[in-house]
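Shown next, in structure tokens, is the structure this report addresses.
Nothing in this text is a laboratory measurement; each read-out follows from the coordinates by a stated rule. It should be emphasised that the depicted structure is a prediction, and the values quoted were computed from it without experimental measurement. We place every Cβ from the backbone using ideal geometry, glycine too, and count neighbours over all the protein chains shown.
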Amino acid sequence: MPGGDFHPWLFVILAAWILICGLGVVAFRRIMYSAVSMVACFLGVAFAYALLNAPLVAIVQILVYVGAISIVIIFAIMLTEVQDGSYRQFFNRQTVFAAPLAVAVAAVLTVVLVTSDIGLIGDKALNPSVKGLSALLFNGYVFPFELVSLVLVAAMIGAIVLARKEEEKS
């Protein structure tokens with residue numbers, strides 16, 4: 001890294017922390033435990049940004065995700081009557097198709113990352129200005145930016161479907 005204070009073992013510890021907290025988000029039966037695990041995951045990501053010499057992004061991560069979004073989600077959980085979910089909602093007939101697909105995507109990403117020269121990018125990276133970063137984000141990468149927003153909307157719709165009370169059958 002340009003600053004010279006990047007410690008790979010500390011990054012491995014942070015990556016393990018983020019992975020464990022991310023698994024806790026989807027594995028806990030109680031929704032509030034999942035929300036707390038999500039907050040811990042967001043904090044881990046903020047620490048990873050700080051480790052990568054991006055203090056502004058780390059502070060924004062803490063303010064926006066840990067502060068605002070987590071509080072909104074926790075309030076939404078507290079206002080709903082459902083406080084725990086059954087594993088039937090997560091492990092259903094779609095699991096047979098989703099699990100191999102997830103493993104295949106992980107394998108492809110691993111192969112791409114291992115065989116590419118992405119490790120050399122850090123030596124060539126520059127510190128762009130906010131104007132340059134925004135121009136790149138909203139001009140060059142506008143489609144992936146919008147795609148991420150659609151994925152986030154789909155995730156929120158999925159969370160609403162999972163959190164709503166099951167209608168009683170008559």
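Under the rule of at least 5 residues apart or a separate chain, name every residue whose amide H is placed under 5 Å from the amide H of L52.
none
Between I74 and D117, what FRET efficiency follows from the Cβ-Cβ distance if R0 is 41 Å, with the result rounded to 0.05?
0.45
Would you kindly compute the Cα radius of gyration of the range 1-77 and its largest Cα-Cα separation (Dmax), both in Å?
13.5, 43
Sequence gap at least 6, Cα distance under 8 Å: using those rules, report the relative contact order of the range 1-76 to the nearest whole percent. Let's see the in-between values first.
Working: 67 pairs, mean separation 21.7, N = 76.
Normalised by residue count, the contact order of the range 1-76 is 29 percent.
Can you tell me how much longer the chain between A154 and I20 gets when fully stretched, taken as 0.36 nm per residue apart minus their C-alpha distance, in nm with one decimal?
Values: separation 134, 0.36 × 134 = 48.24 nm, distance 2.33 nm.
Using 0.36 nm per residue and subtracting the Cα-Cα distance, I get 45.9 nm.
Through the Karplus equation 6.51 cos²θ - 1.76 cosθ + 1.60, θ set to phi - 60°, convert the phi angles of the range 101-110 into ³J(HN,Hα) values in whole Hz; use x for Gly and Pro.
For the range 101-110, the Karplus curve yields 5, 5, 5, 5, 5, 5, 5, 5, 4, 5 Hz.
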